[in-house]
Amino acid sequence: MTNCRTKIIIQVIALIAFATNFAFAQKATEGPTAEPERARELIDASRAALGLKSTESDVQSIHARGKLKRLTRYVSVQSPKVVEDKEKELPGKIEIEYLFPDKFRRKVSGRALNGEGYSYTQIVNGLRAWRNPPLRAVSSNTDRRVIDVEDFERSKEFQARGSRQQMAFYALGWFLKDLPSFPLKYAYAGQLMTYSGLAEVIIAQGPDGFQFSILLDPQSKMPIALATVFVQAREPAVLIDSPRFFDRRTYIGTVQRARQERQARRKPVMRYEMHFRFSDYRAVAGFLLPHTITTAINDEVVEIYSFDRIEINRPINLRKFEIKPEAE
């Protein structure tokens with residue numbers, strides 16, 4: 001049975017395509033131009049703390065490789081009468097190749113809760129961006145089985161936007177900078193208490209609804225996290241978790257119980273805060289880079305990226321940024 005909650009989390013984290021206003025933005029009453037000088041001052045202080053001022057111009061490329069771990073809570077329906085709340089760690093891998101300023105490749109692979117494997121790559125090459133393999137287009141017609149040209153183009157652009165925003169996310173998270181092809185506006189929101197602790201909060205806004213808050217440690221000015229929000233009715237992960245059924249009646253009863261659990265545990269539309277927390281800073285080519293990125297939704301950890309290797313100026317094959325036939 002499809003694990004809806006895991007698929008939602010995978011898509012949200014993978015695309016980072018949120019178009020809502022972040023809670024901290026309420027403090028910046030004048031919008032993205034509020035106190036831009038103070039925002040830039042704090043960004044410069046943070047970059048200095050990371051050692052970026054003197055070495056950044058020497059960075060032409062970055063290659064990072066590591067492991068990911070998804071922490072999934074789900075409802076295990078084993079029979080019409082046996083239901084358990086469970087937790088499971090789902091392993092995976094991540095690889096990022098970045099050739100500045102506008103070539104980017106991010107490959108993620110792993111396993112979903114139902115045991116199915118998945119693998120996808122997000123690529124940006126100048127003005128072009130895509131996801132390979134592409135997500136299935138969603139129909140906008142009354143007959144959901146019909147996919148028209150507009151549905152396909154809309155899905156294609158959504159995935160391209162997600163790839164561009166991923167590129168911007170890592171440029172901001174690792175180097176506290178925006179890109180020529182993805183300019184950002186900054187606003188200072190003040191010193192606030194957040195899910196990731198007390199922080200100096202800077203709002204960064206970019207094209208296509210891109211909006212994150214940069215959270216800096218008030219003392220060291222080191223980046224604590226990037227944060228954003230999404231509004232969603234989150235459906236619980238309900239898995240029929242039985243190795244075999246001895247009769248049709250038990251099977252039908254188990255399916256019905258799973259449906260009941262899904263209905264009973266579904267949460268209404270709510271606003272959630274998603275924090276990407278940076279830790280395990282290590283020196284790489286003269287400056288500090290976080291080697292662990294922990295994703296938490298309303299302070300519940302759902303994913304951890306642990307990079308065991310980050311290399312600067314390693315040669316990258318340009319063919320990796322080309323469009324493959326299945327991505328067209």
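Tell me, which residue of region 52-99 that is among the hydroxyl-bearing types (Ser, Thr, Tyr) and touching a residue at least 12 places away in the same chain (Cβ under 8 Å) is surrounded by the most Cβ atoms within 10 Å (Cβ to Cβ)?
First, the residues of region 52-99 that are among the hydroxyl-bearing types (Ser, Thr, Tyr): 54-55, 57, 61, 72, 74, 76, 79, 98.
Then drop every residue that is not touching a residue at least 12 places away in the same chain (Cβ under 8 Å), which leaves 54-55, 61, 72, 74, 76, 79, 98.
Values: Ser54: 10, Thr55: 14, Ser61: 15, Thr72: 19, Tyr74: 20, Ser76: 18, Ser79: 15, Tyr98: 23.
The selected residue is Tyr98.
Inside region 179-194, can you point out the residues that are surrounded by 18 or more Cβ atoms within 10 Å (Cβ to Cβ) and not hydrophobic (A, V, I, L, M, F, W, C)?
In the first step, residues of region 179-194 are kept if they are surrounded by 18 or more Cβ atoms within 10 Å (Cβ to Cβ); the result is 179, 182, 184, 186-189, 194.
Selection gives Tyr186, Tyr188, Thr194.
Of Tyr305, Tyr281, Tyr272, which residue is farther than 30 Å from Leu113 by Cα and touching a residue at least 24 places away in the same chain (Cβ under 8 Å)? Break it down stepwise before answering.
Numbers: Tyr305 fails: farther than 30 Å from Leu113 by Cα; Tyr272 fails: farther than 30 Å from Leu113 by Cα.
Going through Tyr305, Tyr281, Tyr272 in turn, the sole match is Tyr281.
Here is a yes/no grid of residues against (1) of a type in the set (Phe, Trp, Tyr); (2) more than 25 Å from Tyr281 (Cα to Cα):
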| position | (1), (2) |
| --- | --- |
| Ala171 | no, no |
| Lys185 | no, yes |
| Met193 | no, no |
| Ile203 | no, no |
| Phe210 | yes, yes |
| Leu216 | no, no |
| Gln219 | no, no |
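Please verify whether region 305-314 includes one or more residues that are more than 21 Å from Lys86 (Cα to Cα), of a type in the set (Lys, Arg) and in a loop (DSSP other than H, G, I, E, B). Spell out the reasoning first.
Just the residues of region 305-314 that are more than 21 Å from Lys86 (Cα to Cα), to begin with: 305-314.
From what is left, the residues that are of a type in the set (Lys, Arg) are 309, 314.
Going one step further and asking which of them are in a loop (DSSP other than H, G, I, E, B), we end up with 314.
There is at least one residue in region 305-314 that is more than 21 Å from Lys86 (Cα to Cα), of a type in the set (Lys, Arg) and in a loop (DSSP other than H, G, I, E, B).
Inside region 260-301, can you point out the residues that are among the hydroxyl-bearing types (Ser, Thr, Tyr) and more than 17 Å from Ser46 (Cβ to Cβ)? Outline the logic, then answer.
At the first step, the residues of region 260-301 found to be among the hydroxyl-bearing types (Ser, Thr, Tyr) are 272, 279, 281, 292, 294-295.
Tyr272, Thr292, Thr294, Thr295, listed by residue number.
If we scan region 247-262, do we find a residue that is closer than 30 Å to Met222 by Cβ, more than 23 Å from the chain's Cα centre (by Cα) and either modelled with pLDDT of 90 or more or part of a helix (DSSP H, G or I) (or both)? So that I can check it myself, show each step before the final result.
Looking only at region 247-262, we keep the residues that are closer than 30 Å to Met222 by Cβ, and these are none.
No, the conditions are met nowhere in region 247-262.
In region 166-196, which residues are among the basic types (Lys, Arg) and closer than 17 Å to Asp208 by Cβ? Step through it out loud before you land on a result.
Narrowing region 166-196 to residues among the basic types (Lys, Arg): 177, 185.
Matches in region 166-196: Lys185 only.
Exactly one condition in (1) more than 30 Å from Arg319 (Cα to Cα); (2) out of contact with any Pro (no Cβ under 7 Å at 6 or more places or on another chain) is false for Ser46; which is it?
(2)
This table checks each residue for (1) exposed (fewer than 11 other Cβ atoms within 10 Å of the Cβ); (2) touching a Pro at 6+ places or on another chain (Cβ under 9 Å); (3) over 28 Å from Arg136 (Cβ atoms); (4) not β-branched (Val, Ile, Thr).
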site	(1), (2), (3), (4)
Leu289	no, no, yes, yes
Thr295	no, no, no, no
Val302	no, no, no, no
Asn317	yes, no, yes, yes
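The values are calculated or read from the model by the stated rules, or taken from the named source; none is laboratory data. Quick caveat, the model's predicted, so the values are computed rather than measured. We place every Cβ from the backbone using ideal geometry, glycine too, and count neighbours over all the protein chains shown.
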